[in-house]
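Q: Here's a structure for you.
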Amino acid sequence: MRRKLAAGNWKMNGTSATLTELSGLISAHDTPDVDILICPPATLLAQASALAKSHPLTTGGQDCHTAAGAHTGDISAAMLVDAGATAVILGHSERRVDHEESNDLIREKARAAHAVGLTTVICMGESLAQREAANTLDIIAAQLAMSLPDDCTGENLVLAYEPIWAIGTGLVPTLDQIGEVHDFIRARLERRFGPGVGRSVRLLYGGSVKPDNAAEIFAVSNVDGALVGGASLKQSDFSPIITALEKSA
Ligand code: 13P
């Protein structure tokens, strides 16, 4: 059985003061029935990891470089580990767009992250134009084929399906649309990595997950949790999402 995962992506939000939200989350969920991952901005990662030290909640980065050394402004995978991270989000659509990240680059980043023991949360999803042109599954197939390295396992890989048009918009695909993509991803993973690995990788849905729609999304086939943006910033929003996931487990 895949253990469910509630992941929060704080994006470029949060200062030290925001860590009170994390402390609240930690005390509200001291023995969770699901995994909880919070990915704060890099400036807060070490502090967040220290807060979560003797708690099941884990922390992650939002990106890493493929290498180390002379790359001003970048962060290596080993540095994320040093700051207490167990995971890193890679290939978020905001990075694919803002930083023109390609599938090839994301695959190399994932290789670097796996080499130091990080779990990668690799994101994929279609634009509205691609959805309207009925190209969603082709886009997902290409992203899956090119942005995953060959060394993926059920432990080091989590996939997040995040339709770009659903991120931060309040728009959510229909439950059938979510199920169609998640079932497709599962089948492709099994075909490429074999049924053992293919069935053990957790698949998250992301894009406008809120307390009031979480339960119905978590009931969809092959949805093993969520990657949550805006609603992960406040404990009062994220806690009910975690609870909904626990109930679905
Ligand atoms: P929202 O939950 O704010 O739509 O963001 C989703 C997301 O991009 C998580 O990575």
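A short reminder: the numbers here are calculations on the coordinates, not readings from a lab. Computed from a prediction, not measured in an experiment: that's the story for all the values here. Reconstructed Cβ throughout: ideal geometry from the backbone, glycine too, with neighbour counts over all protein chains shown.
Q: Identify, please: which residue in region 128-165 is within 16 Å of the ligand (Cβ to nearest atom) and in a loop (DSSP other than H, G, I, E, B) and is, among those, farthest from the chain's Cα centre (by Cα)?
A: Residue satisfying both the conditions and the ranking: PRO163.
Q: If you check GLY225, GLY229, GLY207, GLY168, which single one turns out to be in contact (Cβ under 8 Å) with a residue 60 or more places away in the chain, within 14 Å of the ligand (Cβ to nearest atom), touching a Pro at 6+ places or on another chain (Cβ under 8 Å) and among the small types (Gly, Ala, Ser)? Working first, answer last.
A: On the way: GLY225 fails: touching a Pro at 6+ places or on another chain (Cβ under 8 Å); GLY229 fails: touching a Pro at 6+ places or on another chain (Cβ under 8 Å); GLY168 fails: touching a Pro at 6+ places or on another chain (Cβ under 8 Å).
It is GLY207.
Q: Quick check: anything in region 15-38 of a type in the set (S, T, N, Q) and either under 18 Å from the mean Cα position of the chain (by Cα) or surrounded by 22 or more Cβ atoms within 10 Å (Cβ to Cβ) (or both)? Full working, then the answer.
A: In the first step, residues of region 15-38 are kept if they are of a type in the set (S, T, N, Q); the result is 15-16, 18, 20, 23, 27, 31.
Subsequent filtering for residues that are either under 18 Å from the mean Cα position of the chain (by Cα) or surrounded by 22 or more Cβ atoms within 10 Å (Cβ to Cβ) (or both) retains none.
No, the conditions are met nowhere in region 15-38.
Q: Taking the condition closer than 18 Å to GLN62 by Cα and of a type in the set (Gly, Ala, Ser), does GLY194 pass? Spell out the reasoning first.
A: Details: closer than 18 Å to GLN62 by Cα: no; of a type in the set (Gly, Ala, Ser): yes.
No; evaluated as a whole, the condition is false for this residue.
So that you can scan it fast, the table gives a plain yes or no per residue for (1) in contact with a Gly (Cβ under 7 Å, 6 or more places away or on another chain); (2) not in a helix (DSSP H, G or I):
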{"residue": "LEU19", "(1), (2)": "no, no"}
{"residue": "LEU22", "(1), (2)": "no, no"}
{"residue": "ASP33", "(1), (2)": "no, yes"}
{"residue": "SER54", "(1), (2)": "no, yes"}
{"residue": "ALA78", "(1), (2)": "no, no"}
{"residue": "ALA85", "(1), (2)": "yes, yes"}
{"residue": "ILE89", "(1), (2)": "yes, yes"}
{"residue": "VAL97", "(1), (2)": "no, no"}
{"residue": "GLU100", "(1), (2)": "no, yes"}
